[in-house]
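Data first, discussion second: the structure below is written as structure tokens.
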Amino acid sequence: MGFWGSVGSFFSGVASGIGRIASGVSSFVSGAISTIGNLASKVIPSFLSGIAGKAFGLLKGISGIMTGPLGPILGPIIVDLLVKVIVKVISKIAEESEVVEKNERPEEIGYRLEEADKHEDWKRRDEFKSFKEYYAYLKEQIPAEEIDAARIKENFGAYSVLGMQAEVRAIEEKLNMHIPKTSLIEIGRSAMEIKEVQAFIRAFDELGYKNLSISEYLKGTLPAGELERITAALLDAMKLYFPEKSEQDLLTRLNEMRKASNDDKILVSIYKDELQEEYGAEIQQAKQSGDLPKDAEKILNDVGFKATPKAEATT
């Protein structure tokens, strides 16, 4: 249970509960931020420190959810679900963009990048034409059988985000388009599908943008004329990726994304099914015992959260 490592095993042998799970996820997030922050603060700049700096900024931005309206219970859990989506989507786009080989694991990418940074005698990223070639070299230096699985398990969240951020850099190089942390956060907040992100990339590219300004678009901070241009281009792109959907369906989805960008309650509603499936039993127990904060309980009630049959059976 959870993205940030072996949360399930972490809680084995101790009393279960949504508060403990949220606290555990929060601790893992804080640990990942600390680990990545240390890598980013290296005195001598390197490819790893540059990637770590981006990853640090991303995690700091996402972690604000834990101190916002969702609070210390729902906040960490939503962060956990949100980061999983970002890593999954970016890794798939990296694969389809052919900037990495198929089925590369982002946590192994992060692990190898950290190991490479310790070896001054190894070749550096700038000695290769592409990240794909560089990573092929790192796989030769660190074969699969030499990977420290225990260390990856212990630092799973940090390594995964590092690897994902390296994939972002590779995608940027391939597309000649900057992908800011705010756009990555929006991908998570709206639980975007891979094709939806590809539609955004296609639309912005066709309009000549060199910055994937998803956040600015969804929050409506661009000039009105630009918002209209992007919407038209985005609808055309989405129709290519989702030919089975009507224009109204696509407009409805875009409107949901806009709401999720600005409203944490909508964010919870988007992840309602995952909350029920992965944490339904613990949330139900917390509600019945009165341990769930009233504000959090109200948000869950407002979005129509209901315990799964399995959750109800365990209470």
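The values are calculated or read from the model by the stated rules, or taken from the named source; none is laboratory data. Here the structure is a predicted model, which means the values were calculated and not measured. For neighbour counting, all protein chains shown are included, and Cβ atoms are generated from backbone atoms with ideal geometry for every residue, glycine included.
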Next item on the list: Scan Glu114, Glu133, Glu186 and give me the residue that is outside the structural domain of Ile36 (by TED's automatic domain parsing), assigned to a helix (DSSP H, G or I) and acidic (Asp, Glu).
Entry: Glu186
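Quick check on this structure: which one of Lys265, Lys239, Lys287 is crowded, with 18+ Cβ neighbours inside 10 Å and of a type in the set (Lys, Arg)?
Lys287
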Margin query: From the list Ile78, Ile90, Ile73, Ile109, exactly one residue is closer than 14 Å to Arg189 by Cβ and assigned to a helix (DSSP H, G or I). Which is it?
Written below: Ile78
Item checked: Considering residues of the range 120-144 that are at pLDDT 95 or above and exposed (fewer than 11 other Cβ atoms within 10 Å of the Cβ) only, the residue nearest to Glu98 (Cα to Cα) -> Lys129
Margin query: Can you find, within the range 70-119, the residue that is surrounded by the most Cβ atoms within 10 Å (Cβ to Cβ) among those that are more than 12 Å from Gly163 (Cα to Cα) and of a type in the set (Asp, Glu)?
Written below: Asp80
Next item on the list: Within the range 16-61, track down each residue that is out of contact with any Gly (no Cβ under 8 Å at 6 or more places or on another chain), of a type in the set (A, V, I, L, M, F, W, C) and surrounded by 18 or more Cβ atoms within 10 Å (Cβ to Cβ).
Entry: Ile18, Ile33, Ile36, Leu39, Leu48, Ile51, Ala55, Leu58, Leu59
Notebook entry, point to check: Only one residue in Glu172, Glu167 is among the acidic types (Asp, Glu), under 22 Å from the mean Cα position of the chain (by Cα) and crowded, with 21+ Cβ neighbours inside 10 Å, so which one is that?
Noted result: Glu167
Next item on the list: Return the pairs, sorted by first residue and then second, in which the second residue is loosely packed, with under 13 Cβ neighbours inside 10 Å and not in a helix (DSSP H, G or I), the first residue lies in the range 225-254 and is in the same structural domain as Phe200 (by TED's automatic domain parsing) and at negative phi, the beta carbons are less than 8 Å apart, and the residues are 6+ apart or on different chains.
Entry: Leu227/Gly220
Margin query: Can you go through Glu104, Glu98, Glu108 and tell me which one is on the phi > 0 side of the Ramachandran plot and not polar (S, T, N, Q)?
Written below: Glu98
Notebook entry, point to check: Does Leu250 qualify as being more than 25 Å from Ser97 (Cα to Cα), aliphatic (A, V, I, L, M) and part of a helix (DSSP H, G or I)?
Noted result: no
Next item on the list: Go through the range 145-184 and give me each residue that's of a type in the set (A, V, I, L, M), closer than 22 Å to Phe3 by Cα and free of Cβ contacts under 8 Å to residues at least 60 places away in the same chain.
Entry: Ile147, Ala149, Ala150, Ile152
Note to self: Just to be sure before I move on: is Tyr159 modelled with pLDDT of 95 or more, aromatic (Phe, Trp, Tyr) and over 30 Å from Tyr111 (Cα atoms) in the structure I sent?
What the structure shows: no
Check: Arg253: more than 22 Å from Val87 (Cα to Cα), at pLDDT 95 or above and of a type outside the set (Phe, Trp, Tyr), yes or no?
Finding: no
Item checked: Close pairs from the range 185-206: first in contact (Cβ under 8 Å) with a residue 24 or more places away in the chain, partner aromatic (Phe, Trp, Tyr) and in a helix (DSSP H, G or I), Cβ under 7 Å, at least 6 apart -> Lys195/Tyr241; Gln198/Tyr241; Ala199/Tyr241
